[in-house]
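Student: Starting off with a structure, shown below.
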Amino acid sequence: TTKALPISFVMGEICTKCVPPSPEMWTPANEFNVQAHEGPVFFYPWVYYTTTPAKKKAPNVRIERLNVETGKMEIFRPESEANMPNGMIGEEPRDDIKEEKARTFYTCEQGHMDSPARITSTTIYQDGKVEYKTIFEESKAQPLNSPNDICIGPDGSLWFTDPSYGSLQKFRPSPPQAPNAIYRLDIKTKKLTMMIDLKYDEDEMHKKNKPNGICFSRDFNWLYYTNTSAAYPGEDYCECRHRSIWKIKMNEKGDGVIQSSHQLVCEINPPKRHLQSIPDGLKWVDGYLLTSCGPALVFVDPKTHKIVKRLRQNCAEVTNFSLSGCGKRLAVVANNKLIILHKKFSRSW
């Protein structure tokens, strides 16, 4: 469907200054009390995010957007159309185009009892028009659980995690219709391929697998994802299950993985006062793996596999985040709060 929005439209920003990576360079610049829960996508000055779910059984999550310069919030896609959206990823600006006429983001739509799970695209044109398309929709032949988070592969394909949280939270069919898994979706052919099979939840051992956040290394040699099985709906948080980051090496063509390379990066253990925290989102930022743990952003060195910094935010729980196109702003969604961080430049550089 295509519709016009009565809005101003800014395609992005240009940043040419190079700075050495350091987690300490990120400093809070602004906060907004909105129902920001997941996503997000940062097409400056707009941040697109999904709202905090109020109930699990009904479709009650929408996509909103907020202008970080003016503070204006708009309902972008209402609950009746949004299909329980969760993770989102925006296409990066192209260096060979000075002024892009459209920007596109992709959404994991978890679905609900009366609507199938989908992977969709949303294109926003410079004149305010919006084009929404379904790229893949589950079927009996190819069921999904509740697609959670998403990233873009080296060839433009979409890679997403599909844990059974929807069934466990009772807004998707139970028992789960598919294993916990990570998939690759070819946008052109619409072919869906399971890349990592993390099995069903039939026993305690397999309850340890709940793929959540997902990203690639900057060179696309490795695929990373978080395992958040410690957050198992209906049961207490358990140290016997994972709060961890994993990685698997990509093949030479960049369209698959080498199964024998699958390995643990590190556990993201929370402090005692935040024992229910999990590493939810995952992005590659400034050469680090960026994830969350309670009210903190957590930076992990992909070479040493060690946590190098926890940046506490003014919130109860960080859930996900997104860089702006130039990489000098970070939008953090934190369960009913949106926090904007700026990269602090040092005069010595």
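The values are calculated or read from the model by the stated rules, or taken from the named source; none is laboratory data. Values in this document were obtained by computation on a predicted structure and should not be read as measured data. Counting neighbours? That spans all protein chains shown, and the Cβs are built from the backbone with ideal geometry, glycine included. Just so you know, the surface numbers come from the protein's heavy atoms only, side chains and all, with ligands and any DNA or RNA stripped out. Shrake-Rupley method; radii C 1.70, N 1.55, O 1.52, S 1.80 Å.
Student: Working only within segment 203-238, note down all residues that are modelled with pLDDT under 85 and in a loop (DSSP other than H, G, I, E, B).
Tutor: Taking segment 203-238 as the starting set, the residues that turn out to be modelled with pLDDT under 85 are 203-208, 230-238.
Result: Asp203, Glu204, Met205, Ala230, Ala231, Tyr232, Pro233, Gly234, Glu235, Asp236, Tyr237, Cys238.
Student: Given Lys3, Lys56, which one is modelled with pLDDT under 65 and closer than 23 Å to Asn335 by Cα?
Tutor: Values: Lys3 fails: closer than 23 Å to Asn335 by Cα.
Just a single option satisfies the conditions, and that option is Lys56.
Student: Could you look through segment 320-335, keep only residues that are assigned to a loop (DSSP other than H, G, I, E, B) and open to solvent by 10 Å² or more (accessible area, probe 1.4 Å), and pick out the one that is nearest to Ala296 (Cα to Cα)? So that I can check it myself, show each step before the final result.
Tutor: Step one: list which residues in segment 320-335 are assigned to a loop (DSSP other than H, G, I, E, B), which gives 324-328, 334-335.
Applying the additional criterion that residues be open to solvent by 10 Å² or more (accessible area, probe 1.4 Å) yields 325-328, 335.
Details: Gly325: 23, Cys326: 23, Gly327: 20, Lys328: 19, Asn335: 13 Å.
Once the filter is applied, the top-ranked residue is Asn335.
Student: Could you run through segment 21-79 and say how many residues are among the aliphatic types (A, V, I, L, M) and more than 26 Å from Gly287 (Cβ to Cβ)? If you could, list the steps in order and put the result at the bottom.
Tutor: Start the filter on segment 21-79 by keeping residues that are among the aliphatic types (A, V, I, L, M), which leaves 25, 29, 34, 36, 41, 47, 54, 58, 61, 63, 66, 68, 73, 75.
Within this subset, residues satisfying the condition of being more than 26 Å from Gly287 (Cβ to Cβ) are 34, 36, 54, 58, 61, 63, 66, 73, 75.
Matching residues across segment 21-79 total 9.
Student: Could you grab me the full set of residues in segment 129-156 that are open to solvent by 10 Å² or more (accessible area, probe 1.4 Å), of a type in the set (Asp, Glu) and touching a residue at least 24 places away in the same chain (Cβ under 8 Å)?
Tutor: Glu131, Glu138, Asp155
Student: Let me spell it out: the conditions are (1) open to solvent by 40 Å² or more (accessible area, probe 1.4 Å); (2) touching a residue at least 40 places away in the same chain (Cβ under 8 Å); (3) of a type outside the set (A, V, I, L, M), and Thr291 meets all of them except one. Which number is the exception?
Tutor: Tallying (1) open to solvent by 40 Å² or more (accessible area, probe 1.4 Å); (2) touching a residue at least 40 places away in the same chain (Cβ under 8 Å); (3) of a type outside the set (A, V, I, L, M), Thr291 fails exactly one: (1).
Student: Related question: Which of the residues that make up segment 294-315 are in contact with a Phe, Trp or Tyr (Cβ under 9 Å, 6 or more places away or on another chain), farther than 16 Å from Trp246 by Cβ and open to solvent by 20 Å² or more (accessible area, probe 1.4 Å)? Explain how you work it out, then say what you get.
Tutor: Initially, segment 294-315 is screened for residues in contact with a Phe, Trp or Tyr (Cβ under 9 Å, 6 or more places away or on another chain), giving 297, 299-302, 307-311.
Remaining after also requiring farther than 16 Å from Trp246 by Cβ: 297, 299, 308-311.
Within segment 294-315, Val308, Lys309, Arg310, Leu311 qualify.
Student: In addition: Condition first: open to solvent by 10 Å² or more (accessible area, probe 1.4 Å) and either small (Gly, Ala, Ser) or in contact with a Gly (Cβ under 7 Å, 6 or more places away or on another chain) (or both). Now tell me which residues in segment 219-232 satisfy that.
Tutor: Selection gives Phe220, Ala231.
Student: Only one residue in Ile278, Ile248 is open to solvent by less than 50 Å² (accessible area, probe 1.4 Å) and modelled with pLDDT under 95. Which one?
Tutor: Working: Ile248 fails: modelled with pLDDT under 95.
Testing whether each residue is open to solvent by less than 50 Å² (accessible area, probe 1.4 Å) and modelled with pLDDT under 95 leaves just Ile278.
Student: Moving to a separate point now. Out of all the residues in segment 97-120, is one or more without any contact (Cβ under 8 Å) to a residue 40 or more places away in the chain, open to solvent by less than 20 Å² (accessible area, probe 1.4 Å), closer than 30 Å to Asp197 by Cβ and in a loop (DSSP other than H, G, I, E, B)?
Tutor: Among the residues of segment 97-120, not one is without any contact (Cβ under 8 Å) to a residue 40 or more places away in the chain, open to solvent by less than 20 Å² (accessible area, probe 1.4 Å), closer than 30 Å to Asp197 by Cβ and in a loop (DSSP other than H, G, I, E, B), which makes the answer no.
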